[in-house]
Amino acid sequence: MRSKRYLWPFALATAAVAVAVAGLGSCAGPGGSADIGSVARERGLTDADVLAAVKTYQPTGRFDEYIMFSSGGHSGQVLVIGIPSMRLLKVIAAFTPEPWQGFGYGAEEHKELLASARMAGHDLAWGDTHHPALSETDGDYDGGFLFINDKANPRIGVIDLRDFETKQIVTNPNMGTNHGGAFVTPNTEYVIEAAQYSIPLWTDYADTDRYEQDYRGLVTLWKFDRASGRLDESASFSMELPPYWHDLSDAGKGPSAGWAFLNSFNAEMATGGVEDGNPPFESGASANDMDYMHIINWERAAEIAAQRGKTRTRNGQRIIPMSVAVEEGILFLVPEPKSPHGADVTPDGRFIVVSGKLDPHVTIYSWEKIQQAINNRDFAETDPYGIPILDFASVIDGQLEVGLGPLHTQFDNAGCAYTSIFLETKVTKWCLEPLAVADDIGVHYNVGHLATAEGDTKSPDGKYLVAMNKWSLDRFNPVGPLLPQNFQLIDISGDEMQLLYDMPIGVGEPHYAQIIKADKLEPFKVYPQVGYAPHTMAASPNAVLGGQESVQRRGNQVTVNMTAIRSHFTPEYIRVREGDRVRINITSIEQAHDATHGFGIAKYNINLSLEPGESQTVEFVADTPGVFPFYCTEFCSALHLEMMGYLLVEPRS
Ligand code: CUK
Ligand code: CUA
């Protein structure tokens with residue numbers, strides 16, 4: 001009874017909103033009230049609630065105006081969400097095996113990718129994605145590629161937005177973890193990745209009593225080759241940094257193009273050890289009033305990295321040592337208050353906004369003043385590693401009190417900025433010229449990053465802001481002690497911010513997201529040809545066309561060339577002997593939009609997803625005798641249940 005009473009008003013409200021959007025006035029919904037006013041009254045909705053519903057509801061078949069790519073946190077994936085509806089469209093398998101996409105469930109192509117993503121001799125079945133970065137052309141998202149970092153295991157994934165699949169994972173051999181990635185330069189020349197927790201750099205092992213001598217930070221600039229859609233490891237380079245803990249990066253644009261900004265904390269170089277009577281990391285690393293933002297001339301660094309004798313190589317990576325960076329004038333520090341988090345360049349590239357978790361202000365640095373100080377060699381002092389430190393007061397444009405625990409800042413199209421306020425659990429809107437607070441809005445609860453529409457480009461759209469919240473407490477039906485992180489969609493088109501929608505996230509803690517105009521994306525409807533290999537984005541050498549199906553045996557190696565089309569596999573029998581090595585080349589010869597087939601083999605941990613035209617290969621040893629049905633795992637047609645076959649593994653004895 002209870003659930004029924006709950007459901008009726010919900011269905012009615014949906015119908016009523018649909019009517020409102022269509023402008024039809026009224027019509028009879030099921031079971032009672034048929035006009036918006038009485039449904040709203042029955043459900044206890046305010047005018048603002050109804051307005052929010054009307055601003056976000058998408059009638060069937062209507063596409064969203066924006067697409068948000070969000071990190072999936074420690075799910076290791078990327079979430080694709082429509083805005084303003086906040087409908088979840090896809091979870092892109094990035095660092096974690098994902099069975100729906102058949103990612104990591106037997107395909108040789110994925111085995112290769114995941115093997116390249118191993119670190120320290122371990123297969124890694126998770127990642128902690130924090131910062132997605134859309135590829136840019138001339139400072140604008142171009143819809144071509146998405147890069148995503150794995151904080152836990154210092155890796156960067158490359159996702160091709162023609163098919164929303166992960167194509168490459170590069171591992172960073174000289175980092176312990178990474179946090180200052182992925183951020184792109186204005187023409188995606190490079191993808192920036194900075195380490196977070198320092199580890200020894202020039203030696204494999206050193207205890208933390210050698211912290212200041214042997215531990216180091218690192219920033220890597222991964223060269224992106226757009227033609228191949230891959231990061232080019234041999235053309236990439238790194239720069240040695242002091243063993244502060246590096247936080248977030250952003251690339252300069254406009255007047256600051258060619259430079260990158262990277263904030264840091266634990267400039268104290270605290271080494272913790274509360275169990276030995278030392279101050280814990282949390283207090284040791286926040287003892288000082290100031291940490292440092294790093295100012296890096298990446299354009300010049302790239303030239304220096306190409307010169308003989310200017311780099312040292314470690315684990316195959318070219319690294320510009322700090323001493324060279326100082327000598328060449330490509331690395332500077334500027335103090336930033338206090339336990340900073342977030343460094344965000346304004347759309348015009350003239351200012352860099354930094355927040356201190358323990359300082360109620362945002363600090364706005366002037367690129368013009370920074371440049372002047374650098375050109376005049378106007379340095380206050382050097383850090384223990386000889387890096388010039390600019391004078392704080394002479395390079396800031398101003399500071400503005402925005403609330404307790406400010407974290408991340410995003411921008412709109414009207415010269416205003418939005419800063420997440422973690423402790424006060426709100427978003428503060430403020431404007432740059434003149435510098436003043438304009439508005440604030442409570443969010444639930446404890447917000448981390450914010451994302452505005454086209455927010456990291458040189459020309460943000462304004463319109464929408466998403467608050468990415470850490471806690472949900474009383475916002476949703478309780479689901480045990482582990483509650484969902486959540487997103488709140490906020491309308492920022494007017495002077496006052498309006499909360500539109502709450503979306504729980506059930507898979508991990510998202511950190512950052514970017515929002516792109518949906519019409520910039522042009523994904524494939526079907527793969528360009530039958531027998532296509534998504535991992536190379538080219539014709540597959542293992543393609544099997546209709547009529548080419550076969551089973552071949554050579555010794556104990558059995559090769560099956562198979563096709564899939566509604567609603568059968570050809571062949572339907574795979575007969576092998578126990579211990580045989582079985583290789584199945586399988587091509588979906590479908591060309592119909594959205595006609596996906598799966599290929600799962602019972603008990604062998606194999607499942608593929610074959611989109612129209614796609615070719616994949618699985619290889620395994622038939623080590624267990626018996627009869628194993630295989631079947632299509634997508635309900636592809638009326639006779640989908642019949643789309644199956646048998647793997648018969650005959651016992652040796
Ligand atoms: S971080 Cu998570 S809320 Cu990794 Cu960008 Cu600030
Ligand atoms: Cu193909 Cu179900």
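The values are calculated or read from the model by the stated rules, or taken from the named source; none is laboratory data. All values reported here derive from a predicted model rather than from experimental measurement. Reconstructed Cβ throughout: ideal geometry from the backbone, glycine too, with neighbour counts over all protein chains shown. To get the accessible areas, we keep the full protein, side chains included, count just its heavy atoms, and leave off ligands, DNA and RNA. Shrake-Rupley method; radii C 1.70, N 1.55, O 1.52, S 1.80 Å.
Here are a few things to note about the model shown:
- Test result for residue 286, in a strand (DSSP E or B) and among the hydroxyl-bearing types (Ser, Thr, Tyr): no
- Output for the stretch 340-378, where each listed residue is under 12 Å from residue 399 (Cα atoms), polar (S, T, N, Q) and surrounded by fewer than 22 Cβ atoms within 10 Å (Cβ to Cβ): 366
- Taking the criterion of being surrounded by fewer than 18 Cβ atoms within 10 Å (Cβ to Cβ) and either polar (S, T, N, Q) or touching a helix residue (DSSP H, G or I) at 6+ places or on another chain (Cβ under 8 Å) (or both), the residues of the stretch 379-402 that qualify are 379, 380, 382, 384, 386, 391, 394, 399.
- Residue check, residue 546 within 16 Å of ligand 2 (Cβ to nearest atom), over 25 Å from the mean Cα position of the chain (by Cα) and either surrounded by 19 or more Cβ atoms within 10 Å (Cβ to Cβ) or in a loop (DSSP other than H, G, I, E, B) (or both): yes
- Conditions (1) farther than 30 Å from residue 499 by Cα; (2) open to solvent by 40 Å² or more (accessible area, probe 1.4 Å); number of the one not met by residue 88: (1)
Here is a yes/no grid of residues against (1) part of a loop (DSSP other than H, G, I, E, B); (2) within 22 Å of residue 544 (Cα to Cα); (3) touching a strand residue (DSSP E or B) at 6+ places or on another chain (Cβ under 7 Å); (4) more than 16 Å from ligand 2 (Cβ to nearest atom):
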residue: 593; (1), (2), (3), (4): yes, yes, no, no
residue: 608; (1), (2), (3), (4): no, yes, yes, no
residue: 618; (1), (2), (3), (4): no, yes, yes, yes
residue: 635; (1), (2), (3), (4): yes, no, no, no
residue: 647; (1), (2), (3), (4): no, yes, yes, yes
residue: 653; (1), (2), (3), (4): yes, no, no, yes
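- Residue list for the stretch 273-296, restricted to those being open to solvent by 30 Å² or more (accessible area, probe 1.4 Å) and among the aliphatic types (A, V, I, L, M): 274, 287, 290
- Test for residue 182: is it under 21 Å from residue 258 (Cβ atoms) and touching a Leu at 6+ places or on another chain (Cβ under 9 Å): yes
- Answer from 625, 612 - the residue that is more than 16 Å from ligand 1 (Cβ to nearest atom), surrounded by fewer than 17 Cβ atoms within 10 Å (Cβ to Cβ) and farther than 13 Å from residue 102 by Cβ: 625
A quick yes/no check of all residues on (1) within 16 Å of ligand 1 (Cβ to nearest atom); (2) closer than 23 Å to residue 49 by Cβ:
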site: 398; (1), (2): no, no
site: 406; (1), (2): yes, no
site: 414; (1), (2): no, no
site: 433; (1), (2): no, no
site: 436; (1), (2): no, no
site: 464; (1), (2): no, yes
site: 488; (1), (2): yes, yes
site: 496; (1), (2): no, yes
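- Residue within the stretch 29-40 that is of a type outside the set (Lys, Arg) and surrounded by 22 or more Cβ atoms within 10 Å (Cβ to Cβ) present: yes
- Test: residue in the stretch 317-329 that is open to solvent by 70 Å² or more (accessible area, probe 1.4 Å), away from ligand 2 (no atom under 16 Å from the Cβ) and not aromatic (Phe, Trp, Tyr): yes
- Scanning the stretch 556-577 for residues that are free of Cβ contacts under 8 Å to residues at least 60 places away in the same chain, within 15 Å of ligand 2 (Cβ to nearest atom) and among the hydroxyl-bearing types (Ser, Thr, Tyr) yields 563, 570.
- Selected residue (only one of 541, 510, 528 is more than 16 Å from ligand 2 (Cβ to nearest atom), open to solvent by less than 10 Å² (accessible area, probe 1.4 Å) and outside any strand (DSSP E or B)): 510
- Scan the stretch 568-581 for residues that are out of contact with any Leu (no Cβ under 9 Å at 6 or more places or on another chain), part of a strand (DSSP E or B) and open to solvent by less than 10 Å² (accessible area, probe 1.4 Å) and the total you get is 1.
- Tabulated pairs, the stretch 122-148, first closer than 16 Å to residue 93 by Cα and hydrophobic (A, V, I, L, M, F, W, C), second open to solvent by 30 Å² or more (accessible area, probe 1.4 Å) and within 16 Å of ligand 2 (Cβ to nearest atom), C-beta under 6 angstrom, 6+ apart or interchain: none
- Breaking point among (1) at pLDDT 95 or above; (2) not in a loop (DSSP other than H, G, I, E, B), for residue 347: (2)
- So residue 536, is it at pLDDT 95 or above and in a loop (DSSP other than H, G, I, E, B): yes
Yes/no matrix, rows are residues, columns are (1) under 23 Å from residue 449 (Cα atoms); (2) in contact with a strand residue (DSSP E or B) (Cβ under 7 Å, 6 or more places away or on another chain):
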| site | (1), (2) |
| --- | --- |
| 325 | no, yes |
| 346 | yes, yes |
| 351 | yes, yes |
| 355 | yes, yes |
| 359 | yes, yes |
| 373 | no, yes |
| 377 | no, no |
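- Among (1) over 22 Å from the mean Cα position of the chain (by Cα); (2) of a type in the set (Phe, Trp, Tyr); (3) within 18 Å of residue 137 (Cβ to Cβ) - the single one residue 215 does not satisfy: (3)
- Candidates 584, 589: the one that is closer than 19 Å to residue 549 by Cα and open to solvent by 10 Å² or more (accessible area, probe 1.4 Å) is 589.
- You will find that of 548, 591, the residue that is out of contact with any Leu (no Cβ under 9 Å at 6 or more places or on another chain), in contact (Cβ under 8 Å) with a residue 60 or more places away in the chain and farther than 17 Å from residue 647 by Cβ is 591 and no other.
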